[in-house]
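Novice: Can you read through this structure? Questions will come right after.
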Amino acid sequence: MAPPSTVDEPNGTTLLTNIGELITNDPSQAAGHAPAADRLLGIRRDAAIVLADSTVAWIGDATAPPAADLAIDCHGATVLPGFVDSHSHVIFDGDRADEFAARMAGQPYAAGGIRTTVAATRAAGEDRLRANAGKLVGEFTRSGITTFEIKSGYGLTTPTECTSLQVAGEFTSETTYLGAHVVPEEYADDRSGYLDLVTGDMLAACAPHARWIDVFCDRGAFDEAESMQVLLAGRGAGLTARVHANQLQHGPGVRLAVELGAASADHCTHLSESDITALADSATAPEPTVATLLPGAEFATRSAYPDARRLFAAGALVALATDCNPGTSFTTSMPFCIAVAVRDMHFTVAQAVAAATVGGARALRRDDVGRLTVGGPADLIALDAPSYLHLAYRPGVDLIGGVWRAGRRVR
Ligand code: NIG
Ligand code: FE
């Protein structure tokens, strides 16, 4: 893969040719007799792709590509859609490396650790939050993530939640209001007062800056009735639900997410058979709930991993996301998440790559990103590898040879 001449090439047409494996996530691109994994990923072999301005203009055989302003020879390497990270918390200040080290020495994770980051975030100021987020977004880009969601949730006052969402909105349109992350210290004796704030004045101030509303429905955070109250208030303000569900224990989160038509139930570390059935039934509903697995969180909290085979066997929709946050998953690397998902959650490599691209897109109810189709956005990755399998086969190795977002080379 040729290095970029600049990371901000002028608009024009770019041809990537001699692609060994072009992953499109469009099953019609795979040969009829192709193996199941090729059909799942819509793999076209010995392919070429042309980007024109911000979109994909042409996909075809490397033997007969059209002319372009810039031609890049991929020498048999793999090209795939940019990763779609549907779950991140990159608006914060402070560091919890000591908490991580203590966990690795045997301490359990508890939701209360969030309050450490809340204190640092409240003290930080907008410029510092913007700078911190910008650095992590840069890391997203270098890991091949071209679409990402960002949550608030480390301010937990009306002005700090509002600022968090405004800063998030400078980086992405996929912004999520998470005032219901935990009850902050000053409301420890007045939970209902905090819920009134989260569903009242704070929601009114934040809703114009958010597309989604989320709640941490789990031990040490919010119970079923409280979570329901938060999500219904959010819906009333025009936001669509997503839920932090079943991370720390079996609980009502997944069921609630499905009942309310949430776009995703995230974590899904502890799943009952009825949770899996509910997720699978929702897969064909008009408003499906995507089971979003977050391998970085189990990794960094040394928790048991959920077995994705149960979800796939039942027919649930599945996404993978980084959950980038300072407490439980301080990674911006989707290739790392893919490798862990394959090794420890029993995804096939093809399932993991699909979950990190088109799965993430579904979890954000987007049908434009996460796939490569003519007329669709030119968001793609060129791997320094002959096969997508290397994303899991070569863990910890930076295989990202090039990244294009809306047709512009950003790495
Ligand atoms: O998704 N589970 C809740 N929220 C974050 C953790 C936040 C923290 O510990 O700071 C998560 O893992
Ligand atoms: Fe999270």
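Quick grid of which residues meet (1) buried (at least 20 other Cβ atoms within 10 Å of the Cβ); (2) more than 20 Å from residue 167 (Cβ to Cβ); (3) within 13 Å of ligand 1 (Cβ to nearest atom); (4) of a type outside the set (Ser, Thr, Tyr):
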| residue | (1), (2), (3), (4) |
| --- | --- |
| 205 | no, no, no, yes |
| 215 | yes, yes, yes, yes |
| 223 | no, yes, no, yes |
| 239 | yes, no, no, yes |
| 249 | no, yes, yes, yes |
| 256 | yes, yes, no, yes |
| 261 | no, yes, no, yes |
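Novice: Cβ-Cβ under 6 Å, sequence separation 6+ or interchain: first residue in the stretch 36-58 and over 22 Å from residue 70 (Cα atoms), partner surrounded by fewer than 17 Cβ atoms within 10 Å (Cβ to Cβ). Which pairs?
Specialist: Note: pairs meeting the criteria are 39/27; 42/27.
Novice: Now, a different point. Among the β-branched types (Val, Ile, Thr) and not assigned by TED's automatic domain parsing to the domain that holds residue 332, is that true of residue 55?
Specialist: In short, yes.
Novice: Given the residues 262, 257, which is the only one that is among the hydrophobic types (A, V, I, L, M, F, W, C) and not in a helix (DSSP H, G or I)?
Specialist: 262
Novice: Let me ask something else about it. Tally up the residues in the stretch 1-23 that are modelled with pLDDT of 65 or more and either farther than 9 Å from residue 72 by Cα or assigned to a loop (DSSP other than H, G, I, E, B) (or both), please.
Specialist: Final tally of qualifying residues: 9.
Novice: Something else: Looking only at the stretch 179-192, filter to residues that are in contact with a helix residue (DSSP H, G or I) (Cβ under 6 Å, 6 or more places away or on another chain) and small (Gly, Ala, Ser); which one of those is farthest from ligand 1 (Cβ to nearest atom)?
Specialist: 179
Novice: Which of the residues that make up the stretch 323-355 are under 24 Å from residue 47 (Cβ atoms) and within 16 Å of ligand 2 (Cβ to nearest atom)?
Specialist: Across the stretch 323-355, the qualifying residue is only 334.
Novice: Sticking with this structure for a sec: Can you give me the ranges of the strands (runs of 3 or more DSSP E) entirely in the stretch 33-90 with at least 1 residues that are within 16 Å of ligand 2 (Cβ to nearest atom)?
Specialist: 83-85
Novice: Now a separate question. Give me the residue from the stretch 161-201 that is closer than 24 Å to residue 223 by Cα and among the hydroxyl-bearing types (Ser, Thr, Tyr) and, out of that set, surrounded by the fewest Cβ atoms within 10 Å (Cβ to Cβ).
Specialist: 192
Novice: Looking at 95, 85, which one is more than 30 Å from residue 16 (Cα to Cα) and either buried (at least 19 other Cβ atoms within 10 Å of the Cβ) or under 25 Å from the mean Cα position of the chain (by Cα) (or both)?
Specialist: Criteria check complete, one pass: 95.
Novice: Then there's this: Does residue 355 satisfy being at pLDDT 95 or above, within 23 Å of residue 381 (Cα to Cα) and away from ligand 1 (no atom under 16 Å from the Cβ)?
Specialist: yes
Listed here are the residues, each with its yes/no results for (1) part of a helix (DSSP H, G or I); (2) more than 22 Å from residue 371 (Cβ to Cβ).
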{"residue": "127", "(1), (2)": "yes, yes"}
{"residue": "134", "(1), (2)": "yes, yes"}
{"residue": "141", "(1), (2)": "yes, no"}
{"residue": "156", "(1), (2)": "no, yes"}
{"residue": "161", "(1), (2)": "yes, yes"}
{"residue": "164", "(1), (2)": "yes, yes"}
{"residue": "167", "(1), (2)": "yes, yes"}
{"residue": "172", "(1), (2)": "no, no"}
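Novice: Return the residues of the stretch 321-346 that are within 14 Å of ligand 1 (Cβ to nearest atom) and under 14 Å from the mean Cα position of the chain (by Cα); say none if nothing qualifies.
Specialist: 321, 322, 323, 324, 325, 329, 330, 331, 337
Novice: Now for a different question. When only residues in the stretch 16-35 that are touching a helix residue (DSSP H, G or I) at 6+ places or on another chain (Cβ under 8 Å) and within 21 Å of residue 385 (Cα to Cα) count, which is surrounded by the most Cβ atoms within 10 Å (Cβ to Cβ)?
Specialist: Among those residues, the one meeting the criterion is 23.
The values are calculated or read from the model by the stated rules, or taken from the named source; none is laboratory data. Only a predicted model underlies this, so the values are computations on that prediction, with no experimental measurement involved. A quick note on method: Cβ atoms are made from the backbone with ideal geometry, for glycine too, and the neighbour counts reach across all protein chains shown.
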